[in-house]
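Coordinate-derived values only; no laboratory data. This is a predicted model, so every value here is computed, not measured. Every residue, glycine as well, gets a Cβ built from its backbone with ideal geometry; the counts of neighbours run over all protein chains shown.
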Amino acid sequence: MFKQRHIVITGGSSGLGLALAGRLLDKGARVTLVARQRARLESAQCSLIAARPSAVVEIEALDVTDAAATRSGMDAIAARTEGIDGLINCAGILREGYFETLTDNDFREVMEVNYFGPLNATRAALPHLVASNNNGTSTGAPTAWLINIASVAGLTGVFGYTPYCASKHALVGLTESLYYELSPRGIRVQLACPGEFDSPMVDQLEQGRTPENRAQTLSIPKASVDAIGDDIMAGLAQGDFLIVPTRKARLATLGMRLLPSLSRRLMRRTVERVYQGPDDGLQRQIG
Ligand SMILES: NC(=O)c1ccc[n+]([C@@H]2O[C@H](COP(=O)([O-])OP(=O)(O)OC[C@H]3O[C@@H](n4cnc5c(N)ncnc54)[C@H](OP(=O)(O)O)[C@@H]3O)[C@@H](O)[C@H]2O)c1
């Protein structure tokens, strides 16, 4: 379904964005990777092409929190590659710590990248996605996609993730509403909510996360980025709106939805078993 399609991936230079880029290329897509640091983009581009010499991989260095730069960057990408058929909003950052030790700036930064970033990129790509759909086939298959990467932390609260959960819940709400607005225009809107997986973001988190966060988050076992990438690709092919990668995360989120009080009580007990609290005055800043 992605053959010859051109997909833009924000956060495509690392972690899940890079894993999805490889999988889309294997399905015959062309990709453009977007992130801030050009050197990391170039290295990602080289690694993708080294494994697939005929792959078409473009890069664009931009900061998705800058609405004007994102608009002109997306127009430049579309002009260079004859349109945009899909956008994957995967760029994200994490700040973990006790609520009292996180700063207003932590909350603003996380919201800027994880919520306003996808918002800016979606606004900028939308005219191109609409044009892609208008140029598409009449077989009923979608020819344009918007795929937002939120998190299990967008479906529930998590100790230590007050800024991150707020930003991912906002992204989930945005995506739920865009589903109704963009589906009638032939744009397939999908939302992926992974649990924790191995990535540079988590490597940094491990350098100083609260024990309560570790206990709660890892009640869903950490997955590999490959397992998450495979499950997201399967969900995209099936056309599911909500994709929760890995069976264990699907069971856990089902429990949260069907038995919210029990699920909350169990999580609270998990946190209380290791509780230390903010008294050590440490501020943990990751990302
Ligand atoms: N890892 C997990 O356990 C986990 C779990 C659930 C959900 N997620 C979500 O999955 C997504 C990918 O996470 P990951 O772990 O793969 O992260 P990662 O390896 O840290 O990659 C983050 C990517 O986002 C880019 N980025 C960050 N800020 C940006 C900005 N302002 N503008 C443009 N690009 C920006 C980074 O490149 P530059 O720094 O060069 O800009 C990098 O390419 C995120 O949205 C994350 O919240 C992750």
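Here are the numbers for this structure:
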{"read-out": "A44 vs. criteria assigned to a helix (DSSP H, G or I) and within 16 Å of the ligand (Cβ to nearest atom)", "value": "yes"}
{"read-out": "Unique match (being closer than 27 Å to M233 by Cα, within 15 Å of the ligand (Cβ to nearest atom) and not charged (D, E, K, R)) among G83, G117", "value": "G117"}
{"read-out": "Matching residues, the stretch 1-38, being outside any strand (DSSP E or B), of a type in the set (A, V, I, L, M) and within 6 Å of the ligand (Cβ to nearest atom)", "value": "L16"}
{"read-out": "Helices (runs of 4 or more DSSP H) fully within the stretch 146-259 counting 1 or more residues that are of a type in the set (A, V, I, L, M, F, W, C) and near the ligand (Cβ under 10 Å from one of its atoms)", "value": "162-182, 200-205, 225-238, 247-258"}
{"read-out": "Search result, residues across the stretch 51-69 that are in a helix (DSSP H, G or I) and farther than 22 Å from Q4 by Cβ", "value": "A67, A68, A69"}
{"read-out": "Residue among D85, D26 that alone is crowded, with 24+ Cβ neighbours inside 10 Å and either under 22 Å from Q207 (Cβ atoms) or of a type outside the set (S, T, Y) (or both)", "value": "D85"}
{"read-out": "Lone qualifier among V152, V130, V172, V158 - being β-branched (V, I, T), in contact with a Ser or Thr (Cβ under 8 Å, 6 or more places away or on another chain) and free of Cβ contacts under 8 Å to residues at least 60 places away in the same chain", "value": "V158"}
{"read-out": "Output for the stretch 103-114, where each listed residue is surrounded by 20 or more Cβ atoms within 10 Å (Cβ to Cβ) and either closer than 13 Å to T175 by Cα or away from the ligand (no atom under 13 Å from the Cβ) (or both)", "value": "D106, N114"}
{"read-out": "Lone qualifier among G15, G73 - being closer than 23 Å to I187 by Cα and either touching a residue at least 24 places away in the same chain (Cβ under 8 Å) or out of contact with any Lys or Arg (no Cβ under 6 Å at 6 or more places or on another chain) (or both)", "value": "G73"}
{"read-out": "Candidates E100, E176 - the one that is of a type outside the set (S, T, N, Q), surrounded by fewer than 18 Cβ atoms within 10 Å (Cβ to Cβ) and in contact with a helix residue (DSSP H, G or I) (Cβ under 8 Å, 6 or more places away or on another chain)", "value": "E100"}
{"read-out": "So M74, is it surrounded by fewer than 19 Cβ atoms within 10 Å (Cβ to Cβ), touching a helix residue (DSSP H, G or I) at 6+ places or on another chain (Cβ under 6 Å) and within 22 Å of A192 (Cβ to Cβ)", "value": "no"}
{"read-out": "Considering residues of the stretch 86-102 that are under 22 Å from the mean Cα position of the chain (by Cα) and more than 9 Å from the ligand (Cβ to nearest atom) only, the residue farthest from I59 (Cα to Cα)", "value": "G97"}
